[in-house]
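This report refers to the structure that appears directly beneath it.
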Amino acid sequence: MSDLLIRNARVLDGTGAPERAMDVRVRAGRIAEVGVALAAGTEPLLDAAGAHLAPGFIDGHTHLDPSLFWDPGCDPLPEHGVTTIVTGNCSLSLAPVREQDRARLIDMFCFIEDLPVAAFEQGIPWTWEDFGAYRSAFDAQGAAVNQASFVGHSALRLYAMGEAAFERPADPSERAEIVAAFEACLDAGAIGLSTSFADVDRQGRPVPSRAADDLEFRALLERMSARGRGVLEFVPRMQDPADQMADIERVHSLGRETGIPATWTQLVVSANSIPLVDQLLEQAARTQSEGPGVFPQASPRPFDVNLSFESTPLFRSQPAWHALVQAPPAEKRRLLGDTEWRREAREQLDAPGPCMFPRDRPEQILLTGTPGDGQDRWLGQSLAAIMRERDLPMGDVLADLLLDNDLAPEITMVDLSNEDPEQVARLITSPHVLCAASDAGAHSQMFCGAGDATLLLTRFVRERGDLGLPEAVRRLTSELADFFGIEDRGRIQPGQVADLVLFDLDRLQWKETGFVADLPGGGRRLTRPPGDYSQTLVGGITTSRGSEPTGAHPGRMLSPES
């Protein structure tokens, strides 16, 4: 029911203003009145009993666009106060896509975001080619959250150029087709463009967005500029700090020419990266003072990551290990027992050069599960300790652990970044950083990105006091709504859509994740238990009550005009 009178709430209106004891009336899914002792009408009453009432939280960086089709309940985001998610990030979106290119797009999306191909093939209806038809397919089903979607630049180039999109810049006619397709997406409600300067596909090829030249970028950003709206989201190269800062400067230059703001994912901090983080924060402040600005995204979450050899992009620079990850189980066992593969695998882990796997920090790689017979002796030990005891190099120890544990040892890489709350607080309190980097929906066997809002409120508001509650709510609501151009949301004011969350700060909990096996095709993913919110409402309709989903799916695709 989208009519409601909420009484006795401590209202945090999303602007950063202090809380006020108020009532809120909702009619036809929108906030009609906010005041003291509002007269009862015919609508149902909800007694907030002194709990906080805030605008629904916005998760500003997710890859949940595919899973919304097989999990419209969007587990567990409504149980963490989220009412809107931003999708289509990192050059990857589900539209536009031609039927003949669908398998290529699926494989690229699944490799980069570490998701099972079977889920995409079995769980998504694929009844569309253009963005408008994609939006209609989602809206016909609905979800427990709204989504606001970027257009993925790699998807856009693939749609216009086919295989050539991977290989070269667009010629003038192709560039015109890319721009026309992008305009059609904007007409259908897309909030902007996402791109990547860093990613590769399963074959190691740079993704199509990396072949675009500045002529193409400028033409796309000018289309947003002509409408007076839109955002560019991007992934810079991060292996070399000079490359990272150069990519940010490139985007800033294009943004100054066209008036389009940008945001990149993601800014993390560790003990050895503090000087670089200082430089990146200074760069962000400068670009924003010069306008329209480039805004880093940051998460409050420490990065403890599970390593699964079923699917991971961490070894994409080590061909032997990458081949192992991609292989079926029987081939994995053959490779692990092959002397030549072992030699190559050992040498590649020891060789200098880029590697996403934290091979230089074996003491932070822990064996947390040992399903193999007689393997309990290694449980809880670090890879460094096992290497010392076995007197073997890292490659051989990893290979043995895989064989001895039926290809499924549970390995956790701890404190990779954001391990120091003091340093994380610098990021999430900076006015130059967006609290918007959960990555929820991606890498679902490595971590669960859901629940960042709850961690922010518990650790950095309630426990540490780095942020006051009104300011934390503003950062999770109106700041993100304004930045991404999400109209009529993010504030508790008459006329706004009644996306709301009711909670008692003292009761909120950010809990450890666990596996569930509910993906199409039987795949596993990590999920997080509920955060103990009282209610979450989308358009005045309750999607979660008492940490339980209601089964209501009022969420739709949002556009800057919706």
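Every number here is computed from the coordinates shown, using simple stated rules; none is lab data. The structure displayed is predicted, hence computed values, not measured ones. Cβ atoms come from the backbone with ideal geometry, glycine included; neighbour counts cover every protein chain shown.
Express as a percent, rounded to the nearest 5, the fraction of DSSP beta bridges in the chain (both residues included) that run antiparallel. Could the numbers behind the result be given before it?
On the way: 38 of 68 bridges.
Around 55 percent of the beta bridges assigned by DSSP in the chain are antiparallel ones.
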Roughly how many nanometres apart are two label points built 7 Å out from the Cα toward the Cβ at ALA180 and THR412? 5.4 nm
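Would you mind ranking SER534, SER270, SER173 so that the residue whose beta carbon has the fewest other beta carbons within 10 Å leads the list?
Numbers: SER534 20, SER270 17, SER173 9.
Fewest to most other Cβ atoms nearby, the residues stand as SER173, SER270, SER534.
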Based solely on C-alpha atoms, express the radius of gyration and the Dmax of the stretch 457-562 in angstrom. 16.0, 45
With a Förster radius of 60 Å, plug the Cβ-Cβ distance of GLN375 and ASP213 into 1/(1 + (r/R0)^6) and report the FRET value to the nearest 0.05. 0.70
What does the extension gain come out to for ARG30 and ALA327, with contour length at 0.36 nm per residue minus their alpha carbon separation? 101.8 nm
Under 5 Å between amide H atoms, partner at least 5 residues away or on a different chain: which partners does ILE411 have, H built in plane at 1.01 Å? LEU307, THR368
From the phi of every residue in the stretch 6-19, what ³J(HN,Hα) in whole Hz does the Karplus formula 6.51 cos²θ - 1.76 cosθ + 1.60 yield, where θ is phi - 60° and glycine or proline is x? 9, 10, 6, 9, 9, 7, 10, 7, x, 8, x, 5, x, 5
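Restricting attention to the stretch 475-557, which GluC sites (Glu not before Pro) occupy a DSSP loop and are surrounded by at most 11 other Cβ atoms within 10 Å?
Working: sites: GLU479, GLU487, GLU512; in loops: GLU487, GLU512.
Passing sites in the stretch 475-557 are GLU512.
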Trypsin sites (Lys or Arg not before Pro), restricted to the stretch 118-213: which are DSSP loop and have at most 11 other Cβ atoms within 10 Å? none
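May I ask you to compute the full-extension gain from ALA133 to SER273, defined as 0.36 nm times their residue separation minus their alpha-carbon distance, rounded to one decimal in nm? Spell out each step's value before the answer.
Numbers: separation 140, 0.36 × 140 = 50.40 nm, distance 4.40 nm.
Stretched out fully, the ALA133 to SER273 stretch lengthens by 46.0 nm.
Give me Rg/Rg_expected for the chain, where Rg uses Cα atoms only and Rg_expected = 2.2 N^0.38 Å with N residues. Mind showing how you got there, number by number?
Details: Rg = 23.6 Å, N = 562, 2.2 N^0.38 = 24.4 Å.
Ratio of Rg to 2.2 N^0.38 Å for the chain: 0.97.
Tell me, in nm to one decimal, what length is gained between ALA49 and GLU99 on full extension, where the rule is 0.36 nm per residue of separation less the Cα-Cα distance?
Details: separation 50, 0.36 × 50 = 18.00 nm, distance 5.31 nm.
Difference between extended and current length: 12.7 nm.
Suppose R0 equals 56 Å. What FRET efficiency, 1/(1 + (r/R0)^6) with r the Cβ-Cβ distance, do GLU363 and SER173 give to the nearest 0.05? Can you show the working numbers first?
Values: r = 56 Å, r/R0 = 0.99.
That pair, GLU363 with SER173, gives E of 0.50.
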Tail weight of P(r) past 19 Å, computed on alpha-carbon pairs of the stretch 220-373, percent: 66 percent
Calculate, for ALA285 and ASP3, the FRET efficiency according to 1/(1 + (r/R0)^6) with r their C-beta to C-beta distance and R0 45 Å; round to the nearest 0.05. 0.50
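Specify, per residue and in Å³, the volume enclosed by the convex hull of the alpha carbon atoms belonging to the stretch 306-413.
On the way: hull volume 9.9 nm³, N = 108.
Hull volume over Cα atoms, normalised by residue count, gives 91 Å³.
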